[in-house]
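The values are calculated or read from the model by the stated rules, or taken from the named source; none is laboratory data. Here the structure is a predicted model, which is why all the values come from computation and not from measurement. Positions of Cβ are backbone-derived with ideal geometry, glycine not excepted, and every protein chain shown enters the neighbour counts. Surface accessibility is based on the protein's heavy atoms, side chains included, excluding ligands, DNA and RNA. Shrake-Rupley method; radii C 1.70, N 1.55, O 1.52, S 1.80 Å.
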Amino acid sequence: MSGKSKNPGFATLCIHGKKHLDKHQGELPIRAISTPIFQSSTFAFENAEHGAAVFRGEDSSYVYTRLGNPTQAALETEMAYLENGEAALVLASGMAAITTAVLTCCQAGDHIVSSDTLYGGTHELFTKTLPRLGITTTEVPGDDPANFAHAITDQTKLIHLETPANPTLVLTDIAAVAEIAHKKGILVMVDNTFCTPYLQNPLDLGADIVMHSATKYIGGHGDTVAGVLVGKADWMMKARMETLRDVGGCISPFNAWLLLRGLKTLPVRMDRHMENAMEVAQFLSYHPKVSQVIYPGLKTHQQYELALRQQRGFGGMISFMVEGGREAGRIVMDNVQLCTLAVSLGDVDTLIEHPATMTHSTYSEEELLKVGIDPGMVRLSVGLENVEDIIEDLRQALKLV
Ligand code: LCS
């Protein structure tokens with residue numbers, strides 16, 4: 001499998017796409033190859049009537065960076081293009097993106113159906129924070145679309161999927177869930193953080209909104225926190241001019257620029273993440289001290305066929321269990337030397353962490369077991385180092401178990 005074919009191709013679009021679209025590029029005295037950082041909080045009006053017209057919505061000039069900024073706009077154009085959507089909104093974090101989307105779709109009394117394995121912060125938002133605002137969520141196992149159908153109520157406004165899920169790498173059939181949702185007029189949002197638009201385009205499969213923690217593969221270098229939403233232009237306008245305006249999770253121009261830079265190498269990085277991950281997954285599956293390896297590219301993955309059908313590659317994330325459970329996993333995490341013991345993922349560096357006590361510590365012990373997050377599970381975000389070095393590091397750490 002390889003990146004999507006488009007005319008021009010995906011890699012070309014990542015590097016040149018915005019050039020055709022960012023009108024500011026050509027207006028500068030020096031035609032910069034890199035989109036300039038418009039480090040400005042506010043934008044001057046031509047006269048009082050111009051300012052009033054902008055506030056009446058009759059003129060779309062930039063006003064204030066919380067509502068829009070040319071550097072943000074270049075990134076939004078690019079992300080909408082790469083996700084085959086009409087419009088995008090970039091935000092301060094992945095959590096800001098999810099919150100903005102939910103508050104755009106739902107109000108007190110409304111209901112969400114979500115897959116049950118989610119990034120721990122999303123699970124906390126759905127089960128603790130949103131209920132305080134009168135918005136409730138039913139979380140169901142994501143591997144069977146029928147589970148979503150059964151959980152829908154008359155109040156359901158949104159279905160949220162994380163596929164592949166963090167950290168169990170369970171997949172959800174996006175097209176099947178979208179069909180169920182649309183019969184009842186319910187919107188479907190997909191967290192596409194693990195795949196990126198290079199490997200999966202949820203809108204093409206029927207989803208209404210795509211969201212990303214752009215902190216991960218889109219940025220790619222572990223140096224920024226950001227989020228993205230992509231979807232229909234009218235919905236995005238409401239998300240920007242109502243929710244973002246009032247809730248305020250805007251991205252800084254500098255962070256938007258870091259993501260524009262990250263995007264230029266997204267396909268090259270994803271190809272290497274996947275190549276390395278496949279080799280590491282194979283190494284781990286043959287290792288006598290490893291009891292289970294979860295990677296969608298292995299034929300042993302329960303949804304290998306769905307991964308082949310729905311994705312254009314298997315990604316760079318692996319979860320595994322060491323013989324001896326939690327204590328054995330701890331020994332591995334404490335003894336790696338090249339891999340870094342840290343949360344986050346999708347960086348050039350290989351990162352290792354323990355979901356049960358770190359990223360997913362918002363789940364109770366019963367919930368962890370119910371959604372398949374084994375207390376001994378170790379999560380690996382395979383980076384771009386030489387794969388032999390990553391494998392050697394894991395080999396020496398596993399020897400100590
Ligand atoms: N969605 C997914 C799938 C994520 O993995 C994360 C963060 C978020 C949303 C939230 O995005 P953020 O606000 O952090 O940009 N995942 C993290 C993780 O696995 N380790 O640290 C953060």
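Points to keep in mind about this one:
- Residues within the range 212-233 that are open to solvent by 10 Å² or more (accessible area, probe 1.4 Å), at negative phi and in contact with an Asp or Glu (Cβ under 8 Å, 6 or more places away or on another chain), tallied: 5
- Inter-residue pairs, beta-carbon under 9 Å, first more than 30 Å from Val293 (Cα to Cα) and open to solvent by less than 10 Å² (accessible area, probe 1.4 Å) and in the range 167-183, second aromatic (Phe, Trp, Tyr) and assigned to a helix (DSSP H, G or I), 6+ apart: Ala181/Phe148
- In this structure, Met236 does not satisfy being open to solvent by less than 10 Å² (accessible area, probe 1.4 Å) and within 16 Å of Met95 (Cα to Cα).
- Taking the range 201-211 as the range and being more than 8 Å from the ligand (Cβ to nearest atom) and at negative phi as the test, the residues that pass are Asn201, Pro202, Leu203, Asp204, Leu205, Ala207, Asp208, Ile209, Val210.
- Condition met for Val280 (at pLDDT 95 or above, β-branched (Val, Ile, Thr) and either outside any helix (DSSP H, G or I) or surrounded by fewer than 19 Cβ atoms within 10 Å (Cβ to Cβ) (or both)): no
- Spans of helices (runs of 4 or more DSSP H) in the range 64-153 with at least 1 residues closer than 30 Å to Ser40 by Cα, open to solvent by less than 30 Å² (accessible area, probe 1.4 Å) and in contact (Cβ under 8 Å) with a residue 60 or more places away in the chain: 70-82, 94-105
- Number of residues in the range 248-277 that are in a helix (DSSP H, G or I) and touching a helix residue (DSSP H, G or I) at 6+ places or on another chain (Cβ under 6 Å): the value is 11.
- If you go through the range 218-247 and keep only what is of a type outside the set (Lys, Arg), part of a helix (DSSP H, G or I) and touching a strand residue (DSSP E or B) at 6+ places or on another chain (Cβ under 6 Å), you end up with Ala233, Met236, Ala239.
- Residue match in the range 342-363 (condition: open to solvent by 40 Å² or more (accessible area, probe 1.4 Å) and not in a loop (DSSP other than H, G, I, E, B)): no
- Residue in the range 351-363 that is of a type in the set (D, E, K, R) and in contact (Cβ under 8 Å) with a residue 60 or more places away in the chain present: no
- Residue check for Asn386: open to solvent by 70 Å² or more (accessible area, probe 1.4 Å), outside the structural domain of Leu259 (by TED's automatic domain parsing) and at pLDDT 95 or above: yes
- Matching residues in the range 21-51 - criterion: being modelled with pLDDT under 55 and surrounded by 12 or more Cβ atoms within 10 Å (Cβ to Cβ): Leu21, Asp22, His24, Gln25
- Sole residue being outside the structural domain of Asp374 (by TED's automatic domain parsing), within 16 Å of the ligand (Cβ to nearest atom) and more than 11 Å from the chain's Cα centre (by Cα), chosen from Ile251, Ile186, Ile218, Ile152: Ile251
- Reported count of residues in the range 185-217, each being β-branched (Val, Ile, Thr), assigned to a loop (DSSP other than H, G, I, E, B) and within 15 Å of Met274 (Cα to Cα), is 1.
- Evaluation of Ile318 against the conditions (1) in contact with an Asp or Glu (Cβ under 8 Å, 6 or more places away or on another chain); (2) part of a strand (DSSP E or B); (3) aliphatic (A, V, I, L, M) shows that the sole unmet condition is (1).
- Checking each residue in the range 234-247 for being touching a residue at least 40 places away in the same chain (Cβ under 8 Å) and in contact with a helix residue (DSSP H, G or I) (Cβ under 9 Å, 6 or more places away or on another chain) picks out Trp235, Met236, Lys238, Ala239, Arg240, Glu242, Thr243, Leu244, Val247.
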